[in-house]
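**Q** Pasting a structure below so you can have a look.
The values are calculated or read from the model by the stated rules, or taken from the named source; none is laboratory data. Predicted model only: the values in this text are computed from it and were never measured. Because the Cβ atoms are built from the backbone with ideal geometry, glycine has one as well, and the counts that use them run over all protein chains shown. The accessibility values were calculated without ligands, DNA or RNA, using every heavy atom of the protein model including side chains. Shrake-Rupley method; radii C 1.70, N 1.55, O 1.52, S 1.80 Å.
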Amino acid sequence: QQQVRQSPQSLTVWEGETAILNCSYENSAFDYSPWYQQFPGEGPALLISILSVSNKKEDGRFTIFFNKREKKLSLHIADSQPGDSATYFCAASPTGGNNKLTFGQGTVLSVIP
Amino acid sequence: GPKVLQIPSHQIIDMGQMVTLNCDPVSNHLYFYWYKQILGQQMEFLVNFYNGKVMEKSKLFKDQFSVERPDGSYFTLKIQPTALEDSAVYFCASSFGGADTEVFFGKGTRLTVV
């Protein structure tokens with residue numbers, strides 16, 4: 001069964017810095033990894049995702065780096081803004097897995113102006 | 001963007017009673033999901049549903065749980081009878097495709113069993 005772990009549990013950065021959020025998984029048969037952003041009182045919203053055939057995915061200020069050999073991913077948020085303060089969840093979906101997502105416990109990001 | 005609506009946002013219910021959580025998925029989506037999140041823990045997959053049938057369910061999807069979407073209306077999660085450990089936030093989600101496609105989540109229903 002897929003296990004997804006995130007670190008750190010919480011992260012504080014200054015506005016303009018790059019925030020780095022980490023994720024690792026234990027099952028090699030993962031096909032798709034979405035990252036979700038969640039604000040208090042809201043449901044998770046897809047931020048960016050990557051397929052296992054890629055080692056990098058970029059979308060504006062958000063970049064996922066994927067090290068398949070080490071089974072690790074990281075989300076880099078460049079030029080962090082106070083509006084980026086939220087909880088970020090890494091998830092993984094197994095190959096042919098009917099979009100069944102296994103989530104990490106999340107990283108709470110705080111961006112200080 | 002597309003919205004998944006969940007009704008109600010909060011529900012308090014006596015242990016042993018039945019509860020139905022309602023979800024209005026994105027209109028053209030074909031795949032539906034329920035996830036459970038206990039306070040301070042990660043969201044965990046309960047069940048997914050396609051073409052009127054459960055495709056896969058997790059160990060958390062106890063015998064007291066059932067899902068249905070009668071005649072394309074609400075996608076519902078019913079718990080009968082409820083137990084104290086069912087207290088959690090339940091997130092409904094939907095997607096157009098069944099693999100590697102964006103899954104849209106609702107805001108969740110906070111269920112408190114007392």
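**Q** In peptide B:43-56, what is the residue-averaged number of other protein chain Cβ atoms found within 10 Å of each Cβ?
**A** 3
**Q** If you don't mind, another one. Relative contact order (percent) for region B:5-113, with alpha-carbon contacts under 8 angstrom and 6 or more residues of separation?
**A** Computed over region B:5-113, the figure is 37 percent.
**Q** Where a Cα-Cα gap under 17 Å defines reach, which lysines qualify for residue B:78, not counting those fewer than 8 residues away within the same chain?
**A** B:36, B:53, B:57, B:59, B:62
**Q** Roll a 1.4 Å probe over the protein heavy atoms and report the accessible area of residue B:62 in Å², nearest 10.
**A** Result for residue B:62: roughly 60 Å² accessible.
**Q** Sticking with this structure for a sec: Quote the accessible area belonging to residue A:89 in square angstrom, nearest 10, computed with a 1.4 Å probe and with ligands, DNA and RNA left uncounted.
**A** Only protein atoms counted, so the area is about 10 Å².
**Q** Could you compute how much accessible surface residue B:10 exposes when probed at 1.4 Å, giving the result in Å² to the nearest 10?
**A** Residue B:10 exposes around 120 Å² with every protein chain in place.
**Q** Hey, with R₀ at 45 Å, roughly what FRET efficiency would residue A:61 and residue B:62 work out to, going by the Cβ-Cβ distance, to 0.05?
**A** Using R0 = 45 Å, I get an efficiency of 0.60.
**Q** Can you give me the distance in nm between label points at residue A:112 and residue A:12, each placed 7 Å from the Cα along the Cα-to-Cβ direction?
**A** 0.5 nm
**Q** A follow-up question, please. Would you tally the net charge around residue A:59, using a Cβ to Cβ cut-off of less than 15 Å, leaving residue A:59 out, and scoring K and R as +1, D and E as -1?
**A** Neighbour charge sum, excluding residue A:59 itself: -1.
**Q** Counting only heavy atoms of protein chains, what accessible area per residue, in Å², does the protein assembly as shown have with a probe of 1.4 Å?
**A** About 49 Å² of surface per residue is accessible.
**Q** Per-residue Cβ counts within 10 Å, from other chains only, averaged over B:103-111: what number is that?
**A** Shielding by partners across B:103-111 averages 4.
**Q** Shifting gears a bit: For chain A, what % of the accessible area comes from carbon and sulfur atoms, probe 1.4 Å?
**A** Carbon with sulfur: 47 percent of the solvent-accessible area.
**Q** Just to be sure I understand: if you take the accessible area of chain B alone plus chain A alone and subtract the pair, with a 1.4 Å probe, what total do you get in Å², rounded to 100?
**A** Buried: approximately 1900 Å² between A and B.
**Q** Who wins for biggest fluctuation among A:58, A:42, A:26 in a Gaussian network model of chain A, springs between alpha carbons below 10 Å?
**A** Fluctuation is largest for A:42.
**Q** Moving on to the next point. In peptide A:98-108, what is the residue-averaged number of other protein chain Cβ atoms found within 10 Å of each Cβ? Working shown, then result.
**A** Working: counts 10, 16, 12, 9, 5, 7, 2, 4, 5, 0, 0.
Across A:98-108, the average partner-chain Cβ count within 10 Å equals 6.
**Q** Sticking with this one: Taking all protein chains together and a probe of 1.4 Å, list B:95, A:54, B:27 from the most accessible to the least accessible.
**A** Output order, biggest surface exposure first: B:27, A:54, B:95.
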